[in-house]
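Input: a single structure, listed below in structure tokens.
Read-outs: derived from the displayed coordinates by stated rules, not from any lab. For clarity, every value in this text was computed on a predicted model and none was experimentally measured. Cβ placement follows ideal geometry from the backbone for every residue including glycine, while neighbour counts extend to all protein chains displayed.
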Amino acid sequence: MAKVLVLYYSTYGHIEQMANALAEGARAAGATVDIKRVPETVPEDIARNGHFKLDQPAPVATVNELPDYDAIVIGAPTRYGRMPSQMAAFLDQTGGLWAKGALNGKVGAAFTSTATQHGGQETTLFSIVTNLLHFGMVVVGLPYSFAGQMTLDEITGCSPYGASTIAGGQGQRQPSGNELDGARHQGELVAKTAIKLFG
């Protein structure tokens, strides 16, 4: 059975919700799924004063366990049109894995969130996908088989490059049903691809 890791960083819980939806989709497709997060690098007192969501139940991942998975889906919010420093710091520790080709041929995917509709969702997804390609991974996006990303009936995230949500300038907007469905669909596609490649 294919093993999928949903690896995320979530400041206020929006990406955490998307990670759980993505995992639901992967499990429904027949994969074994773990949800883990990267370490918080902001000092605890600053994080608490900033109302960071620090009570997330997902365990903290280590770089050395990444090769244990057939597929890795990376989710992070947007910081100035790219991934935040917490996720970048984690991925910057993977040089040894890259040098050994430890992730070559595995399945990879990305998801994100932004405060606004035009806050850099696609550039952030590409900032994650760039790492996946350097690892030699097979990248799975969110194709238009998820028709919800074409809706004009509501404001929504999601693009062909990955699932996404719009959080609002104060983090007041939670992922919509359509955005969570996009994450589930991407999780399903990741799992089906990993199952085809690895059984």
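Taking the stretch 35-103 and the helices (runs of 4 or more DSSP H) fully enclosed by it, the elements with 2 or more residues that are crowded, with 18+ Cβ neighbours inside 10 Å are at 85-91.
Every condition in (1) in a helix (DSSP H, G or I); (2) more than 22 Å from ASP70 (Cα to Cα); (3) touching a Gly at 6+ places or on another chain (Cβ under 7 Å) holds for LEU180 except the one numbered (3). When LYS106, LYS196 are checked against the criterion of being within 16 Å of ILE72 (Cβ to Cβ) and among the basic types (Lys, Arg), LYS106 stands alone in meeting it. Restricting attention to the stretch 117-140, the residues being in contact (Cβ under 8 Å) with a residue 40 or more places away in the chain and either buried (at least 19 other Cβ atoms within 10 Å of the Cβ) or farther than 19 Å from LEU197 by Cβ (or both) number 13. The number of residues in the stretch 104-116 being among the β-branched types (Val, Ile, Thr), buried (at least 20 other Cβ atoms within 10 Å of the Cβ) and either over 16 Å from the mean Cα position of the chain (by Cα) or within 15 Å of GLY182 (Cβ to Cβ) (or both) comes to 2. Considering only residues in the stretch 8-32 that are touching a residue at least 60 places away in the same chain (Cβ under 8 Å) and among the β-branched types (Val, Ile, Thr), the one that is surrounded by the fewest Cβ atoms within 10 Å (Cβ to Cβ) turns out to be THR11.
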